[in-house]
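K.L.:
Mind having a look at this structure? Questions to follow.
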Amino acid sequence: MAGILLEGENVTIEQRAAHARALSAEKAEVSRRRASELRARVGKHKLEQALRIPGDVIADEEIAAGGYYTATLGSSEHLRIIDLEGQQAVDFLCYDASDYENRYNAANTIKMNRSIYVGKGFKLYSDRADVLMTVSEDTVGSHDTIGGCCSSETNYLRYGIENTPSCRNNFIAALAEHGMGSRDIPANLNFFMYVPVGPDGATEIVEGRSEPGDFVELVAERDVLIAISNCPQVFNPCNGWNPTPIRVIHWRNHS
Ligand SMILES: [Zn+2]
């Protein structure tokens, strides 16, 4: 019985790819209908709230589905990430701007927050156990620390399709702008992504819980460099099978 993955010794790469493509097309259609209904019902109200910025805007950009974004935030500046259509995974990394080796560390962050799910008040710790950023607002309530980023290599293993766009390639492109390379990619955070873990440890990416206009916001606890991949994945539920744009607002408190 095939789920998201077509598995088994006798399954060919071609069969696996055909299954992944057919499932993606079918699910994307359902997802678009859901997003359209939610936009009409709650989207306008949520977006109005998301666009109410209690300070001075430094930058305000829409990031296309599958695109990436990178910026430097001064200490105490804010980054608001708005999920415009809902169920969009936003892969996230941050680094101490004065020393890129002091970067986001997932294991330290999970240990210090005693949770694998990110929410308001959650602190992002570095390799040296410094707090780089804190989640200051969150209208969803749960974001992922363990699913990592998609790559063309894992997409080939799982779905039998080569050379897919991926968050790993987006991170490589974003970090290249700052003189970094693939060695500088640690395990990342995933805003709006949901990866529940069962009592026996079983885990899987399932559809996200965010609706159109939901947002998460971070405040920089020191000068930080951030990198975002607006996930292009279409072969699993991390984006509700339908990658969509996000909006990123960088702002500071009124002086
Ligand atoms: Zn991805």
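K.L.:
What number of residues in the range 86-103 are in a strand (DSSP E or B), more than 16 Å from the ligand (Cβ to nearest atom) and of a type outside the set (A, V, I, L, M, F, W, C)? Spell out how you get there, then give the answer.
P.N.:
In the first step, residues of the range 86-103 are kept if they are in a strand (DSSP E or B); the result is 90-96, 99-103.
Right, trim to more than 16 Å from the ligand (Cβ to nearest atom) and you get 94-96, 99-103.
Next cut, of a type outside the set (A, V, I, L, M, F, W, C) only: 95-96, 99-103.
Number of matching residues: 7.
K.L.:
HIS254 is checked against (1) in contact with a Gly (Cβ under 8 Å, 6 or more places away or on another chain); (2) crowded, with 18+ Cβ neighbours inside 10 Å; (3) touching a residue at least 60 places away in the same chain (Cβ under 8 Å); (4) not hydrophobic (A, V, I, L, M, F, W, C) and fails just one. What number does that condition carry?
P.N.:
Failed condition: (2).
K.L.:
Inside the range 104-142, can you point out the residues that are charged (D, E, K, R) and either within 16 Å of ASN190 (Cα to Cα) or in a loop (DSSP other than H, G, I, E, B) (or both)?
P.N.:
From the range 104-142, those charged (D, E, K, R) are 111, 114, 120, 123, 127-128, 130, 137-138; that's our starting set.
Correct list: ARG114, LYS120, LYS123, ASP127, ARG128, ASP130, GLU137, ASP138.
K.L.:
Among the candidates ILE228, ILE249, single out the residue that is more than 13 Å from the ligand (Cβ to nearest atom) and among the hydrophobic types (A, V, I, L, M, F, W, C).
P.N.:
ILE249
K.L.:
Being within 16 Å of the ligand (Cβ to nearest atom), over 21 Å from ALA107 (Cβ atoms) and surrounded by fewer than 17 Cβ atoms within 10 Å (Cβ to Cβ) is the filter here, so list the residues in the range 136-161 that pass it. Write out each step before concluding.
P.N.:
Pass one, the range 136-161, residues within 16 Å of the ligand (Cβ to nearest atom): 143-159, 161.
Subset that is over 21 Å from ALA107 (Cβ atoms): 152-153, 155-159, 161.
Scanning the range 136-161 gives SER152, GLU153, TYR156, LEU157.
K.L.:
From the list ARG209, ARG247, ARG222, which residue is at pLDDT below 95 and surrounded by fewer than 22 Cβ atoms within 10 Å (Cβ to Cβ)?
P.N.:
ARG209
K.L.:
Considering each of MET180, MET112 in turn, give the residue that is in contact with a Phe, Trp or Tyr (Cβ under 7 Å, 6 or more places away or on another chain), without any contact (Cβ under 8 Å) to a residue 24 or more places away in the chain and aliphatic (A, V, I, L, M).
P.N.:
MET112
The values are calculated or read from the model by the stated rules, or taken from the named source; none is laboratory data. The shown structure was predicted, so the numbers you read here are calculated from the model rather than taken from an experiment. All Cβ positions, even for glycine, are placed from backbone atoms using ideal geometry, and neighbour counts span all protein chains on display.
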